[in-house]
Structures are given as C-alpha cells and as structure tokens.
Amino acid sequence: MLRIAVPNKGSLSGPASAMLHEAGYQQRKESKELVLVDPENEVEFFYLRPKDIAIYVSAGKLDIGITGQDLLIDSGADAEVILPLGFARSTFRFAAKPGTANGIEDLAGKTVATSYEGIVAKHLANSGIDASVVHLDGAVETAIELGVAQVIADVVETGTSLRNAGLEVFGEPIMKSEAVVIRRSGADTDAAVQPKVEQFLRRLQGVLVARSYVMMDYDCRAEHLEQAVALTPGLESPTISPLHNEGWVAVRSMVPAKEAQRIMDDLYAIGARAILTTAIHACRL
C-alpha cells in the first residue's frame, strides 16, 4: 500500500482532507483516528502533527506526505516538493516597533523571535546577517513588549494582529508558502510504489484543475462561431454540435472559473444565448 502522511490538525488539516475526498480517497470520520486504511485505493493514511510530517517522509517511513512548504523548510528534513496544492498560502515577514528597522540589514546584532527558527536562521545566514534567533511556540507578538527580542518573524495575512500589538512589517518577505506534497529527496524508484504515487498525483492535479475551471455551454449563430471560439478555446478545442434550427450551433468548452462571468458577457455581446456554466467535480488531462 502507498503510505501517506496527512496533517491531523491546524489550518492544513481540513483542506487537505477535503482535497483527498474530492480525489476519491476515504478519509477519517473522527479526529481521534490516527491511521486509516483505504483498501479500494490501496492507500494507508497516517494523521500526524504537521511539523513532524517532513521528518517521517525524509526518514523513508512514509512514501509521501502533505504539509506546508514552510514546515518542510523549517524542519531541515531531506525531502522535496513534488506538487504544490494551492491552499494554505501564507507570507512570512519581519516586524518590529515603528522606526526600529527598514530592511534586513538593520537586524545585525539584534534578536529575532519566531516559531520558525529554521526558516529565519537560514534566511539570515543566506543574507549574511549576524543576528540571534529565539524560538517561541504560539503567538510571538508579545516577545518585543516583554523584552525577549527586538524583532519578530511570523506569518502575515492582513497584518491586523501586528498593528494591534504596535508593530509594523518591514523589508522584503522572508518567504511565501503553501500546502505541498513532498517525498524523500532522491528516493529510489520502487517499481511497486511509483505507479501509485503517479496515480495519486494525477488525482490531486485533477482536483486542482476541476477547482480552477468550469464547463461552459452556449448556443450561437454559425457566422459568429469563430468569434465565440476565440473567447472559449478550451484546453484542446471546444465541442461543436449543430442545432435543429438551421444556422445555429451548440458549443461546449472548459473556461477558467475566475474569467467565466466576463466571458459570458462577451459571448452575449456577439449574440450567443442560453449561456450556462456548470462545476467540474473531477477530471484527467
């Protein structure tokens, strides 16, 4: 069986399980379940702490895992990304009291508090900055107020919590992260496991495409077909079918979901009618 690590809690857990379910895999029904066997798909899922997943995968105990790119880097584990998943996106930034620093060069000789010591220490070393790093679990906003550090490094979404703590971000982002599928670096290709890994990745890629596209159907006059097809080229080409009414055709094509409303407006403007969009639940390209 293919052995896969899945986050057991936190912001990665719910979206990861939802994606796996959409990909046709069984998922646990109780949060206390630590192992789930999906015999139909020949997969065994292990629900682990997100921070530990890269360690287990790099040790070869599990074939692949889903974790955050930030957690992979922070762990220092010998594992590599094989598929970005597009959710749990985050940005890591430095923050301090206003006027304390303008860029990373101002951190020399200072102490930085963070929950991601590995990421920050590596970033400082790569930038040639000699600064101390203090590891704290949980919220780090109070580290400056309590005198533990002069600067913090943390995930920044809206920046509201930092502003409420009297802090402001500065300098370039340390890194951007998202959920990823990982595998041990340089893993030997197992003739029995590799096909299952490839199938797993195809299924997840199918979910990503299905979430990004919608199926669009519409009718248009034959003389406007070239204009319509230019708006909806599809992945290969659209499906064209003649209608009972002479001079009309029906068109079906996949279009990017985020552009669907604009495309519908443009199609209507050239005379297309009965324009419909439907969700795509799964696909293979």
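The values are calculated or read from the model by the stated rules, or taken from the named source; none is laboratory data. Model, not experiment: these values are computed from the prediction. Neighbour counts run over all protein chains shown; Cβ positions are idealised from the backbone, glycine included. Side chains are part of the model used for accessible areas, which takes the heavy atoms of the whole protein and leaves out ligands, DNA and RNA. Shrake-Rupley method; radii C 1.70, N 1.55, O 1.52, S 1.80 Å.
Descriptive notes on the structure:
- Residue within segment 176-185 that is assigned to a loop (DSSP other than H, G, I, E, B), closer than 30 Å to Tyr25 by Cβ and in contact (Cβ under 8 Å) with a residue 24 or more places away in the chain present: yes
- Among (1) open to solvent by less than 50 Å² (accessible area, probe 1.4 Å); (2) touching a residue at least 60 places away in the same chain (Cβ under 8 Å) - the single one Glu157 does not satisfy: (1)
- Counted as qualifying within segment 1-70 are the strands (runs of 3 or more DSSP E) with 1 or more residues that are under 22 Å from the mean Cα position of the chain (by Cα), modelled with pLDDT of 95 or more and closer than 23 Å to Thr114 by Cβ, namely 2-7, 43-48, 64-68.
- The selection criterion, being more than 30 Å from Met19 (Cβ to Cβ) and touching a residue at least 60 places away in the same chain (Cβ under 8 Å), holds for Ala101.
- One residue stands out among those in segment 117-140 that are open to solvent by 40 Å² or more (accessible area, probe 1.4 Å) and part of a loop (DSSP other than H, G, I, E, B): the one that is farthest from Ser161 (Cα to Cα), which is Gly128.
- Of the numbered criteria (1) among the β-branched types (Val, Ile, Thr); (2) in contact (Cβ under 8 Å) with a residue 24 or more places away in the chain; (3) within 17 Å of Ala274 (Cα to Cα), the one Val193 fails is (3).
- Qualifying positions in segment 14-51 - touching a residue at least 24 places away in the same chain (Cβ under 8 Å) and among the acidic types (Asp, Glu): Glu22, Glu42, Glu44
- Within segment 265-283, being under 30 Å from the mean Cα position of the chain (by Cα), of a type in the set (A, V, I, L, M, F, W, C) and open to solvent by 70 Å² or more (accessible area, probe 1.4 Å) holds for Leu276, Ala279.
- Residue within segment 235-245 that is more than 17 Å from Val214 (Cβ to Cβ) and acidic (Asp, Glu) present: no
- For segment 1-22, the criterion of being surrounded by fewer than 20 Cβ atoms within 10 Å (Cβ to Cβ), in contact with a helix residue (DSSP H, G or I) (Cβ under 8 Å, 6 or more places away or on another chain), under 18 Å from Ala179 (Cβ atoms) and among the hydrophobic types (A, V, I, L, M, F, W, C) is met by no residue.
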